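Any read-out appearing in this document is the output of simple, stated calculations on the displayed coordinates, not a laboratory observation. Being a predicted model, the structure only gives us computed values, none of them experimental.
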Amino acid sequence: MSALQANSVIMKKLLIFTVVMFGFGFALVPFYEKICEVTGINNLLQADTLTENTQVDTSRWVTIQLDANTRGLPWQFKPLQSSVRAHPGELVEVMYEIRNDSNREINGQAIPSYSPQLLAKHLKKLECFCFSKQVLKPNEVRQMPVQFMIEPGLPADFDTVTISYTFFELGSDSAADTGERVNKS
């Protein structure tokens, strides 16, 4: 067998292997989703499943105080209501408003914090602007929902909790294209 024929055989095998692996990559997505569905992992976006599996504790109320802050951003950021009352296990939706007061597009990311800290274990968010970066155009105003539930497992001595979000500016990808970033090597 000549070197040309051997190379041709290897090329065909590699091409078949590449196509099979590409197909395998696509097949993993529904396989992964099914595993997550069966095990209950990553089902936060399925509100019906979450609320069906949770009993609402109507014997008590929790007051949820809402807070909003920015660090180093020319944005105005606030909850449209300062607090809300809910039963543990009840689905709650609140709205926040954000305004870019600058004349440039800005990327920001919200980081949540909770008081008391143990609230993080008992708070399940279904929808939140903090899940992804937010890009606001100059002078843009946007209202953003947060859907969450406080699990009934929250200790009964906590009748008031605080959910706080702080927006930080993210670096701009366009700065790298214009050479504004300095390469530190």
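Some values worked out for this structure:
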| quantity | calculated |
| --- | --- |
| Region 50-171: Rg to Rh, with Rh as the Kirkwood radius over Cα pairs | 1.02 |
| Full-stretch length increase - L80, K133 - with 0.36 nm per residue and alpha-carbon distance subtracted | 17.0 nm |
| Extension gain (nm, one decimal) between A156 and A3, 0.36 nm per residue minus Cα-Cα | 47.3 nm |
